[in-house]
Amino acid sequence: MRRPFSFQLSLRCQEDGPRPGWRALTYNGPVKQLVLDLIPPPSPTFDNFVPGRNSEARAYLCETVREAAPVQHVVYLWGASGSGKTHLLRALAAAQPGFVLRTGSLEDLPPGQHHHLVDQVEKLDDAGQVALFHLINRAQAAGGRVVATGPVAPRDLPLRPELTSRLGSGMVFQLQPLDDQEKAAALRAHAAARGFTLRDEVTAYLLRHARRDMASLISFLDALDQYSLETGREITLPLLREMSQPSLV
């Protein structure tokens, strides 16, 4: 059995540390994929959402923020895990503070609030389903909006039929996850925008070992580019491995 060990790794953050702008983290355990795991994913925004085949949904929600979209009181996003549903809801919440985001529960809603984001409606209990039904009705009466997400189309949700009917009454978008070819193309485009060429073997390593969501992949690619500039070395697979599996200090 491999014996765990401790070491310190300096990562950029906002706190004071051994160097300005840095702090030391102590990690107990194997080194493999350490940096890949420790680099936090960026906050979801519309800018760092890679739409792929979901351009229509992204464009509509961006218009919702600008209040340029036709008024639809209910918007429902559905698709498999990893298709970007939660990312878009959190991006909308960040861009439009008037929206309240809830995940799988509708407890403690602020009074008088008519713009709501409800993630994972399939997790609502019976009371939550009744609450969402009335929430949609109130939003319609007050000119508000409810944007909700689920894994399947409204008619296939295991919820009260009157609620599924409401969820399907407005704009409904099916989101498609990016496949590996689309992710690779997006990574290459991002690298080109930063002024370097991303080699195929580097892309393949990232897709095998890094977090699978696109925002995290882009975040790690940015960190890799910065590491390349700091070390004065070209971005290659050995450099990526060196960064993602640091030696002991």
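The values are calculated or read from the model by the stated rules, or taken from the named source; none is laboratory data. It should be emphasised that the depicted structure is a prediction, and the values quoted were computed from it without experimental measurement. FYI the Cβ positions are ideal-geometry reconstructions off the backbone, even for glycines, and counts take in every protein chain you see.
Quick one: which of LEU207, LEU217, LEU178 is more than 27 Å from VAL100 (Cβ to Cβ) and either among the small types (Gly, Ala, Ser) or assigned to a loop (DSSP other than H, G, I, E, B) (or both)?
Sole residue among the options that is more than 27 Å from VAL100 (Cβ to Cβ) and either among the small types (Gly, Ala, Ser) or assigned to a loop (DSSP other than H, G, I, E, B) (or both): LEU178.
I'm trying to understand the selection: among the residues of the stretch 61-89, which are surrounded by fewer than 19 Cβ atoms within 10 Å (Cβ to Cβ) and out of contact with any strand residue (DSSP E or B) (no Cβ under 6 Å at 6 or more places or on another chain)?
CYS62, GLU63, VAL65, ARG66, GLU67, ALA68, ALA69, PRO70, VAL71, ALA80, SER81, GLY82 - these are the residues of the stretch 61-89 that are surrounded by fewer than 19 Cβ atoms within 10 Å (Cβ to Cβ) and out of contact with any strand residue (DSSP E or B) (no Cβ under 6 Å at 6 or more places or on another chain).
Among the residues that make up the stretch 12-27, is at least one of them under 26 Å from ALA210 (Cα atoms), modelled with pLDDT under 70 and β-branched (Val, Ile, Thr)?
Among the residues of the stretch 12-27, at least one is under 26 Å from ALA210 (Cα atoms), modelled with pLDDT under 70 and β-branched (Val, Ile, Thr), which makes the answer yes.
Would you check which residues across the stretch 150-173 are touching a helix residue (DSSP H, G or I) at 6+ places or on another chain (Cβ under 7 Å) and free of Cβ contacts under 8 Å to residues at least 12 places away in the same chain and list them?
Matches in the stretch 150-173: THR164 only.
Show me the strands (runs of 3 or more DSSP E) entirely contained within the stretch 67-132 in which 1 or more residues are of a type in the set (Asp, Glu) and in contact (Cβ under 8 Å) with a residue 12 or more places away in the chain.
In the stretch 67-132, the matching strands (runs of 3 or more DSSP E) lie at 115-119.
Which residue, of GLY150, GLY232, is farther than 28 Å from ALA57 by Cα and not basic (Lys, Arg)?
GLY232
Please specify each residue of the stretch 134-175 satisfying the condition of being part of a helix (DSSP H, G or I), at pLDDT below 95 and surrounded by fewer than 17 Cβ atoms within 10 Å (Cβ to Cβ).
HIS134, ASN137, ARG138, ALA141, ALA142 - these are the residues of the stretch 134-175 that are part of a helix (DSSP H, G or I), at pLDDT below 95 and surrounded by fewer than 17 Cβ atoms within 10 Å (Cβ to Cβ).
PRO40 - would you say it is of a type outside the set (Lys, Arg), within 12 Å of the chain's Cα centre (by Cα) and at pLDDT 85 or above?
Against the criterion (of a type outside the set (Lys, Arg), within 12 Å of the chain's Cα centre (by Cα) and at pLDDT 85 or above), PRO40 does not qualify.
Taking the stretch 195-242 as the search range and keeping residues that are surrounded by fewer than 17 Cβ atoms within 10 Å (Cβ to Cβ) and of a type in the set (Asp, Glu), which one is nearest to the chain's Cα centre (by Cα)?
So, considering only residues that are surrounded by fewer than 17 Cβ atoms within 10 Å (Cβ to Cβ) and of a type in the set (Asp, Glu), the one nearest to the chain's Cα centre (by Cα) is ASP222.
Of the residues that sit in the stretch 42-60 and are assigned to a loop (DSSP other than H, G, I, E, B) and without any contact (Cβ under 8 Å) to a residue 40 or more places away in the chain, which one is surrounded by the fewest Cβ atoms within 10 Å (Cβ to Cβ)?
That would be ASP47.
Can you find, within the stretch 101-133, the residue that is surrounded by the fewest Cβ atoms within 10 Å (Cβ to Cβ) among those that are in contact with a strand residue (DSSP E or B) (Cβ under 7 Å, 6 or more places away or on another chain) and of a type in the set (Val, Ile, Thr)?
Out of the qualifying residues, it is THR103.
For the stretch 145-154, indicate whether the set of residues that are charged (D, E, K, R) and within 18 Å of LEU88 (Cβ to Cβ) is non-empty.
yes
Whether any residue in the stretch 182-189 is within 22 Å of the chain's Cα centre (by Cα) and of a type in the set (Asp, Glu) is what I want to check.
yes
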